[in-house]
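As structure tokens, the structure follows; a few thoughts come after it.
The values are calculated or read from the model by the stated rules, or taken from the named source; none is laboratory data. As the structure is a computational prediction, the values presented were derived from the model and not from experiment. Methodologically, a virtual Cβ is constructed for each residue, glycine included, from the backbone with ideal geometry; neighbour enumeration extends over all protein chains shown. Heads up: the accessible areas ignore ligands, DNA and RNA and are worked out on the full protein's heavy atoms, side chains in. Shrake-Rupley method; radii C 1.70, N 1.55, O 1.52, S 1.80 Å.
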Amino acid sequence: MSLELNQLTKKFNENTAVDDINLTVPTGSMYGFLGGNGAGKTTTFRMILGLLKQTEGTITYNGKPIDYSVTNRIGYLPEERGLHPKLKVEEQIRYLAQLKGMSKKDIDVKLDEWLERFEVPENRDKRIEKLSKGNQQKIQLIASIIHEPDLIILDEPFSGLDPVNVEILKKSVKELNSSGATIIFSTHRMEHVEEMCEELCILNHGSQVVSGNIDQIKSDFGQKEIIIEGDHDISFLEEMPGVLDMKQVRKKTTLKISDEQYAEPIFKEIIKLGYFKRFQVNEPSLNDIFISKVGRKYE
Amino acid sequence: MNKFMTTFLQTYVSKVRAKSFIISTLIIILLIFLAANIDRIIELFDSSEEVTTLQVDAEEAQYGAIESMFASMDAEFEIEPYEGGDAPAGGAVLSLEETDPMAFTISAENDLPDEQKTEIETALAEVQRMNTIQALNLTPEETASLGESPDITYDIAADDGEAEDEGSAADMNPLNSIIFYVTVIIMFFIIINYASQIGTEIAMEKTSRVIEMIVSSVPPVTHLLAKISAMISVSLTQLIVFVLAVIAAIQMFDFNNLISEFGLESNDRTVTLAVYSLIYLILGLVLYLSISALLGSFISRMEDLQQALLPVTMFSLIGFYIAIFNIWTSENMLVIISSYIPPFTPFVMPLRAMHETTGQVELLLGIAILIVTIAAVIWLAASIYRNSVLSTDKGILKNLKRIRRE
Ligand SMILES: Nc1ncnc2c1ncn2[C@@H]1O[C@H](COP(=O)(O)OP(=O)(O)OP(=O)(O)O)[C@@H](O)[C@H]1O
Ligand SMILES: [Mg+2]
């Protein structure tokens, strides 16, 4: 019971937009697609939904290819936002939700609930062209989740919103996930993924840098970060075994070590010097992982 | 409810409820009712009044001649001798001065209607003629030969002796021409009006990008066909409303006057013409609206819409002109050839259906050509719509090229 991509490749003429992606999205997980502009996130989503035909590879959902027989169970928020400008919010949602097989009665009830949740109940009777961009985006998100899909695909759901609305949306997305929906979303902001996801895939120029469970990735990655704060001079630590990098900003020193086993000798060395306010071993950040895999900074 | 019906109903209901639909329908209904009452309306603006008696101020002998002349013409008014004074209400006075030629004066309260004037003038001319014949003292043979018409034969080399062909203009039945004109004009009106509507509808979905959400729920082809069917149904709804208005007008107002006035009578071609006209009207709408939908799906900016729809406007205009301007010479080469060229067929075939020289085979062949073309257009639309909905390429040519590559 999951979504699986196998050797998924998409070429636009000679340009390879997505290059041999292999990953599994477990049912009920929150899955983040991370990558810069042109990394291939949107192209991958469109292939999952069958809007673009893959050049190679397979996509299966619960063991079967995705076609129009399962689309009622899927919700999709496209990256390029837009609703029919001349329709009223209510009419547009009703139409899109009916296309997902909902009855008019259910739609009316759910629409009120969601407008309330997104704090825009007054927009129900307005024409879409009269709404601000952010409010249109909320309406479009409602359209993509109102039918309570099992699988929700959101292409950059948080872009273009103010911080208050980003929080409202994040909260709703988390709630949808905890009520059982599998959610895939794309972003180019690492902190969104760090904060919300258990699983992720980092794309770079169409190829998959890394994918899977975030904790697993971090522990497999091996590298750790040590933060030391104190008054003593500890610059000699740079010469210790396993230390990859060292940065000092006033009394705070950040070390990168290639494995957790090197932390203990360092600890033993510095306590010989006396009192330290802080000695902390951290998991690597996604940024560190990205840099070490791609050989350059993210973004 | 299935997805085809969802899109179909959404489009249909929103279009039928639109102001433009309601207003244009009402205007045409108004015109139909005006046309049904055209004779009454003309009367309304006509201050002339029919006279019922004509008092004749003339010598005994001339009075007799005039009276018998009017009697032989079945005149609708009474002939009475003049009683002096002004003309009575609803009557006129005819006074005669025996000059050569004779001089008549007609005095009345109001102007006379044109038909009555013509009637009186014809009768009086005949009286004058009889008078002259009498004065010349001709023999009966000479009198008879005056009334004979000459024997004229046309010997025209180009005609090839096919005398029947030139009959077409002569046996033009007014009712049939009206059916033909109405078919062609309504078809043209609906195509021009709805081609841009369906193009706008599809282009709007595409340029606003809502299409990506739609095609993630419903197959693009189903969506396209639902849109086309809905727009055709909207146009047919309008057509049915017009037909109902015509029927209502016939029921409500006395049409006999109008029919006899314009000589509207069916002949043995009328039924054939009506049936084929209806079939070609519907096929024509389906063809042109499908093409418009296809063209509308190519563009990515609303500004390009008119340019994209140019072929539809051009072809329907040409077809319309070929049909309208060849109504008197329907069997020429242009008509025959263009009637088999798909975009012109729906306009030109009703013209050919009006004429006896066109056989059933030709008319059925036209229908077959249209059905095949419509199938091809829909197949083409189906196979490229899917790719065109996600493309943001500008311009039709680029899109076509792109589609060929994929
Ligand atoms: N329809 C298309 N035709 C040709 N090339 C395309 C098309 N769509 C995408 N590409 C190319 O595929 C690559 C991946 O694009 P994609 O839109 O998937 O990136 P993305 O990760 O979604 O980027 P962004 O964060 O900017 O949305 C890009 O190089 C883009 O130029
Ligand atoms: Mg994208």
Taking A:Gly40 and the conditions (1) under 25 Å from A:Glu194 (Cα atoms); (2) within 16 Å of ligand 2 (Cβ to nearest atom); (3) over 19 Å from the mean Cα position of the chain (by Cα), which numbered condition does it fall short on, given that it satisfies the others? (3)
Exactly one of B:Phe33, B:Phe21, B:Phe4 is within 14 Å of chain A (Cβ to nearest Cβ) and of a type outside the set (A, V, I, L, M), and that one is B:Phe4
Kindly indicate the residue of region B:203-231 that is facing chain A (nearest Cβ under 7 Å) and in a helix (DSSP H, G or I) and also farthest from A:Leu49 (Cα to Cα) among those meeting that condition. B:Met204
With respect to A:Arg81, determine if the residue is in contact (Cβ under 8 Å) with a residue 12 or more places away in the chain and within 16 Å of ligand 2 (Cβ to nearest atom). yes
Which condition does A:Gly32 not pass, out of (1) within 16 Å of ligand 1 (Cβ to nearest atom); (2) surrounded by fewer than 22 Cβ atoms within 10 Å (Cβ to Cβ), if it passes all the others? (2)
Could you check region B:1-68 for helices (runs of 4 or more DSSP H) lying wholly inside it with 3 or more residues that are of a type in the set (Ser, Thr, Tyr)? B:3-16, B:19-36
Looking at region B:311-337, I want the residues that are within 14 Å of B:Pro350 (Cα to Cα) and have a partner that is open to solvent by 90 Å² or more (accessible area, probe 1.4 Å) with Cβ atoms under 9 Å, at least 6 apart or on another chain. Which pairs are those? B:Ile322/B:Leu334; B:Asn326/B:Leu334
In region B:101-155, residues that are hydrophobic (A, V, I, L, M, F, W, C), outside any helix (DSSP H, G or I) and open to solvent by less than 90 Å² (accessible area, probe 1.4 Å) total 7
Would you mind stating whether A:Ile107 is within 14 Å of chain B (Cβ to nearest Cβ), of a type in the set (Val, Ile, Thr) and in a helix (DSSP H, G or I)? yes
With closer than 30 Å to A:Ala39 by Cβ, open to solvent by less than 70 Å² (accessible area, probe 1.4 Å) and modelled with pLDDT of 90 or more as the only criterion, which of A:Asn282, A:Asn287, A:Asn213 stands out? A:Asn213
(1) assigned to a loop (DSSP other than H, G, I, E, B); (2) within 14 Å of another protein chain (Cβ to nearest Cβ); (3) more than 16 Å from ligand 1 (Cβ to nearest atom); (4) within 18 Å of the chain's Cα centre (by Cα) all hold for A:Ile152 apart from (1)
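Here's the yes/no breakdown for (1) more than 12 Å from chain B (Cβ to nearest Cβ); (2) away from ligand 1 (no atom under 15 Å from the Cβ):
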position: A:Lys11; (1), (2): no, no
position: A:Asn15; (1), (2): yes, no
position: A:Ile48; (1), (2): no, no
position: A:Leu51; (1), (2): no, no
position: A:Gln54; (1), (2): yes, no
position: A:Asp67; (1), (2): no, yes
